[in-house]
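A quick write-up on the structure given underneath.
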Amino acid sequence: MVVLSKEYGYVALTGFASIVMIGHLAINVGKARKKYNVQLPQMYSDDSETGNIFNCIQRAHQNTLEIYPAFLFCLAVGGLHCPRLVSGLGTVWIISRVVYAHGYSTGDPKKRMRGAFGNVALLGMMLTTANFGRHLLGWTAPRMDCFRKAS
């Protein structure tokens, strides 16, 4: 039986928050489909007047889905090593994706860069996960405290 620290609850809640964020972006795409009359299974609009806005809304969701498996992996595995740190970084990433989508949905793809701060958070999650792998293999110095309470 695997025993998780009580603090892994932060990881679980961060994962749940990410599901809510993905759902929010999906709802935005559904609303845009109706507003701009883009029928399924068509992925993109070729309408010369409103197609760009729909395509930007759809791409914000799609871009998030493309990186989501890496986010979830780092959240779950890195969270075993440093649950509070990884949950904090995960929360920053989630907020950044909302900011990213909001900027992108204006129809000006350059405005998506307002959410680029999440890349730093994701990098931190990736490094924490890699550090955990090194620790498990015995390749590292003593373990980081990662904001843990003193025992």
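The values are calculated or read from the model by the stated rules, or taken from the named source; none is laboratory data. Quick caveat: nothing in here was measured; it's all calculated off a predicted structure. All Cβ positions, glycine included, derive from the backbone under ideal geometry; neighbour counts span all protein chains shown. Quick note on the areas: whole protein, heavy atoms, side chains included, nothing else; ligands and nucleic acids left out. Shrake-Rupley method; radii C 1.70, N 1.55, O 1.52, S 1.80 Å.
Table for the structure above
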| read-out | value |
| --- | --- |
| Answer from 87, 45 - the residue that is among the hydroxyl-bearing types (Ser, Thr, Tyr), in contact with a helix residue (DSSP H, G or I) (Cβ under 6 Å, 6 or more places away or on another chain) and part of a helix (DSSP H, G or I) | 87 |
| Residue within region 115-122 that is open to solvent by less than 50 Å² (accessible area, probe 1.4 Å), over 29 Å from residue 47 (Cα atoms) and either touching a residue at least 40 places away in the same chain (Cβ under 8 Å) or over 9 Å from the mean Cα position of the chain (by Cα) (or both) present | yes |
| Odd one out for residue 45, checked against (1) without any contact (Cβ under 8 Å) to a residue 24 or more places away in the chain; (2) open to solvent by 30 Å² or more (accessible area, probe 1.4 Å) | (2) |
| Residue in region 96-114 that is surrounded by the most Cβ atoms within 10 Å (Cβ to Cβ), counting only those that are assigned to a loop (DSSP other than H, G, I, E, B) and of a type outside the set (Asp, Glu) | 105 |
| Residues of region 66-82 classified as open to solvent by 50 Å² or more (accessible area, probe 1.4 Å) and of a type in the set (A, V, I, L, M, F, W, C), total | 4 |
| Subset of region 83-93 that is buried (at least 20 other Cβ atoms within 10 Å of the Cβ) and hydrophobic (A, V, I, L, M, F, W, C) - its residue that is farthest from residue 29 (Cα to Cα) | 85 |
| Flag if residue 53 is in contact (Cβ under 8 Å) with a residue 40 or more places away in the chain, at negative phi and exposed (fewer than 15 other Cβ atoms within 10 Å of the Cβ) | no |
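Rundown of residues vs (1) farther than 28 Å from residue 9 by Cα; (2) of a type in the set (Ser, Thr, Tyr), yes/no style:
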{"site": "36", "(1), (2)": "yes, yes"}
{"site": "51", "(1), (2)": "yes, no"}
{"site": "76", "(1), (2)": "no, no"}
{"site": "90", "(1), (2)": "no, no"}
{"site": "99", "(1), (2)": "no, no"}
{"site": "108", "(1), (2)": "yes, no"}
{"site": "111", "(1), (2)": "yes, no"}
{"site": "123", "(1), (2)": "no, no"}
